[in-house]
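Note sheet for the following structure.
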Amino acid sequence: MDCREFREKHGLYIDELCSDLDAFEMRSHMRFCPECDRHDTVVRRGMLLVRNLPSIRPSPQFQARLYDRIRAESLNRAIASGTSPRLTQWVSLAAAVAVLAFGVARIFATRQADIYRMAPVVASKPLRASSPFGTSALVATVPTGMSIWPAIVMASQAPSHLAATELASER
Ligand SMILES: [Zn+2]
């Protein structure tokens with residue numbers, strides 16, 4: 001193993017992710033190469049130093065102060081760009097209201113178009129059609145060659161015709 005290969009594989013060696021054969025070759029190389037041995041020592045000391053640093057914990061009010069700061073920076077940027085955030089907020093709100101109103105108007109317009117105004121339904125008792133059997137017109141309209149169907153029609157309506165005739169004569 002040469003120095004270049006040692007440096008390339010050193011990260012894996014530190015993290016103990018290289019093969020046993022590579023780890024053996026790395027240790028062998030460090031025995032005979034003081035520069036790579038010193039590199040390994042420096043890296044390991046640096047890692048030890050970083051691990052022993054106290055952990056950083058944010059103060060309890062850190063998040064609130066962060067958001068305040070972000071809001072303040074947004075305000076400063078808006079002022080610097082020449083538009084007030086209140087104006088942009090009002091414009092956004094007005095646009096949202098306009099879109100909402102347009103949608104509601106469309107819904108109502110659609111519903112109004114769907115309503116059909118129709119004439120009211122008036123129910124009336126149908127007039128009783130005068131029976132052709134009560135007159136002599138039936139006899140005149142019956143063709144002489146087709147004697148079957150008028151007879152069927154007459155036979156099917158004869159009971160109601162006779163009842164109506166009897167009721168009319170009783171009055
Ligand atoms: Zn070396």
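Anything in region 26-41 that is within 11 Å of the ligand (Cβ to nearest atom) and among the charged types (D, E, K, R)? List them, or say none. If the condition is that a residue be within 11 Å of the ligand (Cβ to nearest atom) and among the charged types (D, E, K, R), then R31, E35, D37, R38, D40 are the ones that fit.
Just to be sure before I move on: is L127 assigned to a loop (DSSP other than H, G, I, E, B) and away from the ligand (no atom under 16 Å from the Cβ) in the structure I sent? Judged against the criteria, L127 is a match. Scanning region 1-25 for residues that are within 11 Å of the ligand (Cβ to nearest atom) and either among the hydrophobic types (A, V, I, L, M, F, W, C) or touching a Lys or Arg at 6+ places or on another chain (Cβ under 6 Å) (or both) yields M1, C3, F6. Applying a threshold of 6 Å to beta carbon distances and a minimum spacing of six or more residues, or different chains, the list of pairs starting in region 1-28 at a residue that is under 16 Å from V43 (Cα atoms) and ending at one that is within 15 Å of the ligand (Cβ to nearest atom) and assigned to a loop (DSSP other than H, G, I, E, B) is empty.
Bear in mind these aren't lab numbers, they're just calculated from the coordinates by the rules spelled out. From a predicted model like this one, the values you see are computed outputs, not experimental measurements. Neighbour counts are summed over all protein chains in view; Cβ atoms, including those assigned to glycine, are modelled from backbone coordinates with ideal geometry.
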